[in-house]
Each structure stands twice: as structure tokens, then as C-alpha cells.
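Asks: Structure incoming, see below.
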Amino acid sequence: MGSRLEGLVAIITGGGQGIGRGTALMFAREGARVVIASRTEQKLERVRRELEELGAEVLAVPTDVGQEKQVKALIDATEEHFGGLDVLVNNAGVGLGVPVDEMDMAEFDRLMDTNLKGMYMGCRYGVPLMKKRGGGAIINISSVHGVNGAPGNTTYAATKGGIIGCTRGLAAELAPFRIRANTISPGAIHIGEGGLKRLLKRVRQEDQEEFQRRFSERIPVGHYYFQPLEMVGTPDDIAHCAVYLASAESRFVTGQNIVVDGGLTTYLSPFAPEGAREKEADAAVEIEDWIAAHAATDA
């Protein structure tokens, strides 16, 4: 167990899976007392058990961050249980790829309420607790879509770009209270092992270890070739950055948007770097050929 966040109380929204789960686990390993929030109680309880197995003090609060009363209840529960708040990670979010002229306005409101308003309300009710503490750290999770454009993601980009702008405002407004505010913008992050597990089922048992050694870090292949660093990003890559921003190591860092994307946004056209589609196709063929040569008889 580390000690970079020893004793700090941290709320992580969207803590039931993916980046939120990875961040909660890493915060716990670094000594934080963790509050996880998610709409899905089953996922929340699974992560709560994982955190308790690490020996962490943990509070799980079912929360829809798009609902003001629930956000306020989350903050109140944190204060009641832990006595205050030091770190707020606004991670909860939803995505929807729909062209602007086909967007249902109810869906537009859902994205805005969850991604942007949810982040804002977390700050609205969390900041007073940080002021009482004499300081704190706000970490808002945005996206490369808040930096670069992509077809069909206009609404999502609006929410993520709004997070970046709001964070800069928060940094200026809250600096007198020693509250820092920063953004992390992830690129392509693989949040599960579903694709790998599905492929493993097609490989005979005695060859599964070799398959994982050869290919596990390249699945999904579409995440691997579409940025300068040919590797698949994981929740831990974001969590490492979040630990830094939550810790005293970043005491002089505020108002920044740190892009963690394998270099994706360095491309002028980030979704079609030269040769990427060819590499993806070749990798898919290589994997399929290997599976065919080592196929499980009952696959």
C-alpha cells in the first residue's frame, strides 16, 4: 500500500466500472478513504467489496449525478461518514454518437445533465466542504472529444469541451481557497476484458496462455493502431494521472487539461493516421489465423 493520498477523503463518481473503478482502487492503494458513487448498485457493491479487500475505508452511495437531490445527498453522506472532503473526481458520464440533425432533444438533455451538469453540481455541493478543510483537489474527467472533433459526436463533444472550460474557471475562482481544479482527457481506453475473453473461448485450453502473451495487450486492435503509441490504454493509465493531481506532488498545478491518449490528438486527423486501417486489418487477420490454428474443439 502506498501513502501518497494517506488519509484523504475522495469521492469518485462513476465508480462502479471502468475509469472510476480503476481510480478508486488506485486511490485506495495510496491510502485514501474512498467514496464511490454510481447509478448501478450491483456494480457499486462489487467495487465496494474490492476496496474493502484492500483494507480501505469505503462508502458506497448509489447516485445519479444528473439529479440534484442525489448529488447533494452524496456530499452530505460523505461529510457525515468521513467528516469532510479533500478530493472530488467527477468521472460519471455517458456517450451517444448521433449526427446533430438526428439528435433527440431528450437524449441531448440526458447527456448534458449527466456529463456537464452532473460535474457542475458535484462542485457546487462539494466545494463548501473543501473550503472548510482549507483546500482540496477537483479532478474532472473530460475526453479527447473535448479537444478534437469527430463525426457524430457533437453533443458529447459539447459536454466534454464544457468540462474543460468550466475547470479553468473553477481553478481561477477557487485558488484563493487552496482548491485546485484540473481536467484529465482520456483517449481510447479499454475498460473491460470482454473482447479478450470471447477470443480466448475459441482457443484450446493448452494454448490460451500463449495467446494472452502474444495478443492481450493488442486487443481491441482498433484501440492499438490509431495513436502514435501502439498500445491499448487502460483505466490505470488515467488513475495514475488522477493520483498525481490529487496528491501534494501537484500542489502548483491548477487549471490544466492533461490529455492521456497515447498521442492520439497529435495527429491532424486523429481518427485516420497513415496506415492505421491497414495495420488494424492485418492484426485482425493475424489473430484469426492464430485462433484457427489453435482452435478449441468445442468452440
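The values are calculated or read from the model by the stated rules, or taken from the named source; none is laboratory data. This is a predicted model, so every value here is computed, not measured. As a convention, Cβ positions derive from the backbone with ideal geometry for all residues, glycine included, and neighbour counts pool all protein chains shown. Protein only, heavy atoms only, side chains kept; ligands, DNA and RNA dropped before computing areas. Shrake-Rupley method; radii C 1.70, N 1.55, O 1.52, S 1.80 Å.
Asks: Can you list the residues, at least 5 places off or on another chain, whose amide H is less than 5 Å from the amide H of Ser142, using H built in the peptide plane?
Replies: Ile184, Ser185
Asks: How long is the gain from Lys201 to Glu286 if the chain were fully straight, where each residue apart is worth 0.36 nm and the alpha carbon distance is subtracted?
Replies: Working: separation 85, 0.36 × 85 = 30.60 nm, distance 1.70 nm.
Roughly 28.9 nm would be gained on extension.
Asks: Please give the FRET efficiency for Phe177 paired with Met112, using the beta carbon to beta carbon distance and R0 = 22 Å, rounded to the nearest 0.05.
Replies: Using R0 = 22 Å, I get an efficiency of 0.20.
Asks: In terms of solvent-accessible area of protein heavy atoms at a 1.4 angstrom probe, what is the ranking of Glu30, Glu286, highest value first?
Replies: The ranking, largest first, comes out as Glu286, Glu30.
Asks: OK, next. Just the accessible area for Glu50, please: 1.4 Å probe, Å², rounded to the nearest 10?
Replies: 50 Å²
Asks: Would you kindly find the accessible area of His190, with a 1.4 Å probe and non-protein molecules such as ligands, DNA and RNA excluded, rounding to the nearest 10 Å²?
Replies: The accessible area comes out at roughly 50 Å².
Asks: If I ignore ligands, DNA and RNA and count only protein heavy atoms, how much of Glu57 is accessible to a 1.4 Å probe, in Å² to the nearest 10?
Replies: My reading of the accessible area for Glu57 is about 100 Å².
Asks: Would you work out if the range 87-218 is rounded, prolate or oblate? Take a ≥ b ≥ c from the square roots of the eigenvalues of the alpha-carbon gyration tensor; rounded if a/c is under 1.5, else prolate when a/b is larger than b/c, oblate otherwise.
Replies: oblate
Asks: Here's another thing I want to ask about it. With an 8 Å Cα cut-off and a minimum separation of 6 or more residues, compute the relative contact order for the chain in percent.
Replies: That works out to 18 percent.
Asks: If you rank Lys201, Lys131 by how much accessible surface each has, with a 1.4 Å probe, what is the order from largest down?
Replies: Numbers: Lys201 155, Lys131 95 Å².
My answer, sorted largest first, is Lys201, Lys131.
Asks: Apply the membrane-span-like helix rule to the chain: whole DSSP H runs, Cα extent along the own long axis of at least 27 Å, mean Kyte-Doolittle hydropathy at least -0.5. List the helices found.
Replies: Qualifying helices: 154-174.
Asks: Of Tyr267, Tyr120, Tyr156, which has the most accessible area with a 1.4 Å probe, and how do the rest follow in descending order?
Replies: Details: Tyr267 70, Tyr120 135, Tyr156 45 Å².
Heavy-atom accessible area, descending, gives Tyr120, Tyr267, Tyr156.
Asks: Still on this structure, please answer the following. Between their Cα atoms, which of Lys43/Lys69; Lys43/Lys131; Lys43/Lys279 are more than 30 Å away from each other?
Replies: Too far apart for the 30 Å limit: Lys43/Lys131; Lys43/Lys279.
Asks: If you don't mind, another one. Can you pull the one-decimal nm distance between simple spin-label points at Ala248 and Thr265, each 7 Å off the Cα toward Cβ?
Replies: Here the modelled spin labels are 3.0 nm apart.
Asks: If r is the Cβ-Cβ distance from Asp76 to Met103 and R0 is 51 Å, what FRET efficiency results, to the nearest 0.05?
Replies: 0.90
Asks: Hey, another quick one. Please say if the chain is rounded, prolate or oblate, where rounded means a/c under 1.5 for a ≥ b ≥ c the square roots of the C-alpha gyration tensor eigenvalues, and otherwise the choice is prolate for a/b larger than b/c and oblate otherwise?
Replies: On the way: a/c = 1.92, a/b = 1.49, b/c = 1.29.
In terms of gyration-tensor shape, prolate.
Asks: Quick check for you: with a 1.4 Å probe and neighbouring chains kept, what is the accessible area per residue of the chain, in Å²?
Replies: 49 Å²
Asks: Ok, one more. Quick one: putting +1 on the C-beta of Lys and Arg, -1 on the C-beta of Asp and Glu, what dipole do you get for the chain around its Cα centre, in Debye to the nearest 20?
Replies: My answer is approximately 1100 debye.
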